[in-house]
Amino acid sequence: MSLPDTLLSFTAGQARTATAVFERMFPADEDPGAAEIGVTRYVDRALDGAYEDHLRDYRLGLDALDRNAEAAYGALFADCDPDQQDALLARLREGDLDDFHTPPQEAFFDLLRSHLQEGLFADPVYGGNRDKLGWEVLGHPGVHLDNSAEENLSAEPVMKDGEIQSMADLGFDPEDAGGGPPDVEGFDPQAGAKPVRGEADVVLVGMGAMGGVVAPTLAEAGLDVVALEAGPWRTTEDFLPDELGHAYYTRAKMGPKFGEETPRWRTSEDEDTREATFSLGRMMNSVGGSVIHYGAWLRRYHPHHFRQRSHVEEEYGEDVIPEDSTLADWPLSYDDLEPYYTRLEHEIGIAGNDENPYVARSEPLPMPPLRPFRLGEEFKDVAESMGLNPYPVPAGMNTEPYDGRPATTYTAWSNGFGSFNDAKWHPGMTHVPRALKTGNLDLRTHCRVTRVLTDDEGAATGVEYLDANGKRRVQDAKTVVLCSYTFENVRLLLHSANEHHPDGLGNDRGQVGKHFMTKMFSDVSGYVPDQVFNRHTGPAPQSVITDDHLSTAFDSPEHGFLGGATLSAENQYLPIEISRESLPDDVRGWGREYKDHLREWNHWAAVRIQPTCLPYETNYLDLDPDHHDGSSEGMPRLRITFDMRENERRLHEFMSEKATEILEAIGATETWGGPPFTGVGSSHDLGGCRMGEDPESSVVGPDLEVHDTPRLFVFSGATFPTCPGINPTLTMWAVCLRAAEKLTGRFRG
């Protein structure tokens, strides 16, 4: 048995047991197994660094596994025969081992499996995937940052002439990443540690997706704007094709602040909380925000989505609305937002076409769609044969040079990563520099806002924050705009309670945190033995979607639920991602059958389901009284109370059947579905600061000003009354851009 030459965390005995465990979970056959690929070396190094909190779990867990092996078979685990080892691992997975008190057995098994996948398929720089053997076994060419149109459509496996590349092969080194702050006119990277200036007209809490987009509107109107951003200003030198380190479904190192303050979650008030789980959702802390690593799907809502309750009542009657749902209309219409949709599509540069029959544009999109890919073409043909209307997703990614930025190279290292050549747009590329150029924006990075301040009348007067050196400061302002993510905006409102607002700002009527909604992304996959899809040859925005089941033409109550979903075929497949896809019922998640299944990944087709989520009285956000974040402030963590409801379960079942029908028409001989509940955080987390005309049932008005706290605004998806099965980012920008224009009008007179 091959052990690492140097051990940093394990004893020799622990390393021997761990190696035997990992080898049974991914055994050698005609291809190398976990031992030769170097999984134990990877885990040993990780336990001395990123996963040091799990070192005790490993020591106790491996020791308990050896004790059970001796009790059952008279030998340590590593000395048992393969069938005995398999039996012990199966008992561990089911929680049936004896004398195994900590860590919890099922949790320890899941930890082993997760670390196995990373050690097999993460970049070799982390100590596993020795000599890129893991990628070779998988049949994945690793890190390639360009693919041709022919490769996108190839019917044969695309293996780049056998050249498997890692970060090192391309000259990327995580130790040397980061070229420092950008050289942008008007930006002082040291400003975050400098003394506060006088009162500003506007203070923006966050210079991410929302703050970055509205900043030029405010600054170009002549307003004195201070922006406080918790993260740095990252550049292309910070972005690595590092699935383990960067992608939001692994370590997500670009969001350290969010990592410190991960919300707590429970399904009901009767439960204790646990750390929130995510289908997507982990934030990036930076100028430009989480859209730096988004999938770049920039879609419009349909007109009826802004009057969803009225539409349902008119078409089907209010009895079809679940009894405890708080479904509501928006105080804005599609017509109110259409000019802002159009403006943003051209400022950003969105690639797509006008083949979606359910959304009318006043102007066409400025760039042609991303080019076709094999699975997308199969999906398109089948969807059309079923009477659906598939079209390429509108994407914030250049298909041709645009606004001084190059066209995409169709790399799969896209969703979960920053753009390596500025072809995928975010506000730090264009809008933030534009605002700084006016001289009216004072951007202060590494500054963490902890509280919104109010005067004796209860109106906002500024914010308290920790500067780049950790010093507590106060920035006075005539107007405060919260531009962070849903979770942080709600947390700040509640944490800023004072004598005028004892239950939190915006919460005089108990509405802050209510009506929370999150997407339950899931997939249905199929094995198509006669086709190779090469989904590793392009980015996630290279997708084909249908809006038919979200349109007014779809009678969802006829099928026993209210709502709809986007169905889509997507590109982008990376090694760790492949290893963590859902499995058929007859494939165990470890051992030879798991390894055999993974080697067939190029024959997997998948249809993703992005569903509607209704608001309910029982799904809400508040502060956790028992858990605080890791900051020096020690702020309470947000608590999410959320469970999937029967309406959404029926919706998922119906859409899964539709997805299965599509896959079988493509040629799948076997299909399997992923879980309907894939994480309480999805990156489409909406509600908590509902927008509405009536202060009794909402937090902000149509211009996003907080009803009970004058001069305080919330620019965020937290204000959305509904959550249709469409990516919300473009609509957020349209709503916030409109509100920013209204705000500048107030200053003018």
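The values are calculated or read from the model by the stated rules, or taken from the named source; none is laboratory data. Source: prediction; values computed, not measured. Glycine gets a Cβ as well: all are built from the backbone with ideal geometry, and neighbour counts include every protein chain shown. The area values use the complete protein model at the heavy-atom level, side chains included, leaving out ligands, DNA and RNA. Shrake-Rupley method; radii C 1.70, N 1.55, O 1.52, S 1.80 Å.
In segment 537-550, is there at least one residue being in contact with a Leu (Cβ under 8 Å, 6 or more places away or on another chain), of a type outside the set (V, I, T) and open to solvent by 10 Å² or more (accessible area, probe 1.4 Å)? Within segment 537-550, one or more residues are in contact with a Leu (Cβ under 8 Å, 6 or more places away or on another chain), of a type outside the set (V, I, T) and open to solvent by 10 Å² or more (accessible area, probe 1.4 Å).
Suppose we filter segment 196-231 for residues that are in contact with a Pro (Cβ under 7 Å, 6 or more places away or on another chain) and either under 30 Å from D123 (Cα atoms) or open to solvent by 30 Å² or more (accessible area, probe 1.4 Å) (or both); how many remain? Please lay out each step first, then the result.
Residues of segment 196-231 in contact with a Pro (Cβ under 7 Å, 6 or more places away or on another chain): 209, 212-213.
Cutting the leftovers down to either under 30 Å from D123 (Cα atoms) or open to solvent by 30 Å² or more (accessible area, probe 1.4 Å) (or both) gives us 209.
Adding up the residues that qualify gives 1.
Could you tell me whether any residue of segment 467-482 is crowded, with 24+ Cβ neighbours inside 10 Å and within 21 Å of the chain's Cα centre (by Cα)? Looking through segment 467-482, at least one residue is crowded, with 24+ Cβ neighbours inside 10 Å and within 21 Å of the chain's Cα centre (by Cα). Across segment 669-709, the qualifying residues are those that are hydrophobic (A, V, I, L, M, F, W, C) and within 15 Å of T641 (Cα to Cα), and the one among them that is modelled with the highest pLDDT is L686. Of all residues in segment 187-199, none satisfies being within 30 Å of the chain's Cα centre (by Cα), at positive phi and outside any helix (DSSP H, G or I).
Of the residues making up segment 344-387, just one is of a type in the set (A, V, I, L, M, F, W, C), open to solvent by 30 Å² or more (accessible area, probe 1.4 Å) and either at pLDDT 95 or above or touching a Pro at 6+ places or on another chain (Cβ under 6 Å) (or both), namely M386. Residues being open to solvent by less than 60 Å² (accessible area, probe 1.4 Å) and in a loop (DSSP other than H, G, I, E, B): count how many of those fall in segment 646-674. Within segment 646-674, residues that are open to solvent by less than 60 Å² (accessible area, probe 1.4 Å) and in a loop (DSSP other than H, G, I, E, B) number 3. Only one of the numbered conditions (1) free of Cβ contacts under 8 Å to residues at least 40 places away in the same chain; (2) open to solvent by 30 Å² or more (accessible area, probe 1.4 Å) is violated by E693, and that is (1).
Could you say which residue among T729, T719 is without any contact (Cβ under 8 Å) to a residue 40 or more places away in the chain and either touching a Phe, Trp or Tyr at 6+ places or on another chain (Cβ under 8 Å) or under 20 Å from G506 (Cβ atoms) (or both)?
Numbers: T729 fails: without any contact (Cβ under 8 Å) to a residue 40 or more places away in the chain.
Just one listed residue meets the conditions, T719.
When G128, G162 are screened for being in contact with a Gly (Cβ under 8 Å, 6 or more places away or on another chain) and closer than 25 Å to E30 by Cα, only G128 passes. Scanning segment 398-440 for residues that are over 24 Å from the mean Cα position of the chain (by Cα) and open to solvent by less than 10 Å² (accessible area, probe 1.4 Å) gives A435, L436.
Contact map, segment 84-112: first residue in contact (Cβ under 8 Å) with a residue 60 or more places away in the chain, second residue basic (K, R), Cβ cut-off under 8 Å, separation 6 or more or different chains; pairs are Q85/R24; D86/R24; L89/R24.
Condition check ((1) closer than 18 Å to N129 by Cβ; (2) outside any helix (DSSP H, G or I); (3) in contact with a strand residue (DSSP E or B) (Cβ under 8 Å, 6 or more places away or on another chain)) across all residues:
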{"position": "S9", "(1), (2), (3)": "no, yes, no"}
{"position": "G13", "(1), (2), (3)": "no, no, no"}
{"position": "T17", "(1), (2), (3)": "no, no, no"}
{"position": "A20", "(1), (2), (3)": "no, no, no"}
{"position": "P32", "(1), (2), (3)": "yes, yes, no"}
{"position": "E36", "(1), (2), (3)": "yes, no, no"}
{"position": "T40", "(1), (2), (3)": "yes, no, no"}
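Residues that are more than 17 Å from R608 (Cβ to Cβ) and touching a residue at least 12 places away in the same chain (Cβ under 8 Å): does segment 376-384 have at least one? Within segment 376-384 (the criterion being more than 17 Å from R608 (Cβ to Cβ) and touching a residue at least 12 places away in the same chain (Cβ under 8 Å)), the answer is no, since none of the residues qualifies.
Let me confirm something: among L228, L327, which residue is over 28 Å from M397 (Cβ atoms), in contact with a Cys (Cβ under 8 Å, 6 or more places away or on another chain) and hydrophobic (A, V, I, L, M, F, W, C)? Lay out the reasoning, then the answer.
On the way: L327 fails: in contact with a Cys (Cβ under 8 Å, 6 or more places away or on another chain).
One residue alone meets the criteria, L228.
Only a single criterion out of (1) crowded, with 18+ Cβ neighbours inside 10 Å; (2) without any contact (Cβ under 8 Å) to a residue 60 or more places away in the chain is not satisfied by V587, namely (1). Cβ-Cβ distances below 8 Å connect no pair with a first residue in segment 113-132 that is on the phi > 0 side of the Ramachandran plot, a second residue that is open to solvent by 40 Å² or more (accessible area, probe 1.4 Å) and outside any helix (DSSP H, G or I), and a separation of six or more residues or different chains. Only one entry in G563, G526 is at positive phi and of a type outside the set (S, T, N, Q), namely G563.
Among the residues here, R746 qualifies as outside any loop (DSSP other than H, G, I, E, B), within 21 Å of T454 (Cα to Cα) and open to solvent by 10 Å² or more (accessible area, probe 1.4 Å). E175 - would you say it is of a type in the set (D, E, K, R), within 26 Å of V287 (Cβ to Cβ) and either surrounded by fewer than 16 Cβ atoms within 10 Å (Cβ to Cβ) or at pLDDT below 95 (or both)? Spelling it out, E175 is indeed of a type in the set (D, E, K, R), within 26 Å of V287 (Cβ to Cβ) and either surrounded by fewer than 16 Cβ atoms within 10 Å (Cβ to Cβ) or at pLDDT below 95 (or both).
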